[in-house]
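K.L.:
I'd like to ask you about the structure that follows.
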Amino acid sequence: MYYFVPYVPTPYPVVREMLRLAGAGEGDVVYDLGCGDGRILIVAVKEFNVRKAVGVERDSERIKEARRRISEEGIEDRAIVVQGDFFEVDISEATIVTLFLLTSVNEMLRPKLERELRNGARVVSHEFRIPGWKHEKTAEVKDENNLTHIIYLYIKGKHM
């Protein structure tokens with residue numbers, strides 16, 4: 001399946017609000033699809049104390065950067081980066097999935113989310129909706145440059 005998503009790091013205020021909106025905490029397993037530099041994984045472990053954070057990334061430079069940052073933070077026991085295509089990686093253990101993809105990619109991803117996630121899993125998307133799903137909540141947050149971002153929270157099982 002062909003898709004392209006440009007690398008644009010999620011601003012830290014948006015990262016924190018995504019995880020807060022999802023109710024991230026001790027028992028959670030976070031999957032960040034297209035994890036870039038690993039910032040969501042690091043914040044999830046260090047600030048929200050999630051049990052495990054898994055990033056899936058195709059770009060080898062981003063993978064090196066994310067793994068280096070995770071190592072520097074000393075959280076390799078709870079945060080990992082998997083090299084590969086997120087359409088091919090099993091995400092069934094996720095309790096929270098974070099996305100900053102395009103609407104068209106979210107639409108292609110929807111059947112996988114429906115198939116692999118268990119009811120109650122939270123999906124948080126930065127800026128782009130998941131077509132055909134009904135969001136549970138939205139939040140707006142301003143970044144460091146005073147730009148407004150929207151975040152959509154979906155809950156598997158309540159999404160239709």
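K.L.:
What does the helix-only formula give at 222 nm for the chain: each DSSP H stretch with n ≥ 4 adding -39500 (n - 2.57), the total divided by the residues, and the result rounded to the nearest 500 deg cm²/dmol?
P.N.:
Result for the chain: -9500 deg cm²/dmol, rounded to the nearest 500.
K.L.:
Which entries of LYS137/LYS158; LYS46/LYS156; LYS134/LYS156 show an alpha-carbon separation above 21 angstrom in the structure shown?
P.N.:
Beyond 21 Å between Cα atoms: LYS46/LYS156.
K.L.:
Another question about this same structure. Note the full-extension length gain between LYS158 and GLU26 as 0.36 nm times their separation in residues minus their Cα-Cα distance, in nm to one decimal.
P.N.:
Extra length available between LYS158 and GLU26 comes to 45.2 nm.
K.L.:
What are the ³J(HN,Hα) values, in whole Hz, obtained from phi via the Karplus relation 6.51 cos²θ - 1.76 cosθ + 1.60 with θ = phi - 60°, for each residue of segment 101-112 in sequence order, with x given for Gly and Pro?
P.N.:
Each residue of segment 101-112 in turn: 10, 7, 3, 5, 6, 4, 5, 5, 7, 3, x, 5 Hz.
K.L.:
Quick one: what are the phi-derived ³J(HN,Hα) couplings along segment 123-134, Karplus 6.51/-1.76/1.60 with θ = phi - 60°, whole Hz, x for glycine and proline?
P.N.:
10, 10, 10, 8, 6, 10, 6, 9, x, x, 10, 9
K.L.:
Using packing as a proxy for protection, rank 49-60, 67-78 so that the peptide with the highest average count of other Cβ atoms within 10 Å comes first.
P.N.:
Per-residue mean Cβ counts within 10 Å order the peptides as 49-60, 67-78.
K.L.:
5 Å is the cut-off here: which amide hydrogens, built 1.01 Å from N in the peptide plane, fall below it relative to GLU127, excluding neighbours closer than 5 in sequence?
P.N.:
Close amide H contacts, sequence-distant or interchain: ILE150, ILE151, TYR152.
K.L.:
Amide H to amide H under 5 Å from CYS35: which residues, 5+ apart in sequence or cross-chain, H placed 1.01 Å off N in plane?
P.N.:
Answer set, sorted by chain and number: VAL56, GLU57.
K.L.:
Among 124-137, 26-39, how do they line up from the highest to the lowest mean number of other beta-carbon atoms within 10 Å?
P.N.:
26-39, 124-137
K.L.:
Just the number, please: percent antiparallel of the DSSP beta bridges in segment 12-155, rounded to the nearest 5.
P.N.:
Once the DSSP bridges in segment 12-155 are tallied, antiparallel ones form about 40 percent.
K.L.:
Whole-Hz Karplus ³J(HN,Hα) for segment 88-96, in order, using 6.51 cos²θ - 1.76 cosθ + 1.60 and θ = phi - 60°, x for Gly and Pro?
P.N.:
Listing the rounded values in order: 10, 9, 5, 10, 5, 7, 5, 9, 9 Hz.
K.L.:
Can you give the direction-averaged projected area of the convex hull of the alpha-carbon atoms in the chain, in nm²?
P.N.:
8.4 nm²
Values in this text are rule-based calculations from the coordinates and carry no lab data. Predicted, not measured: the structure shown is a model, and the values here were computed from it. Counting neighbours? That spans all protein chains shown, and the Cβs are built from the backbone with ideal geometry, glycine included.
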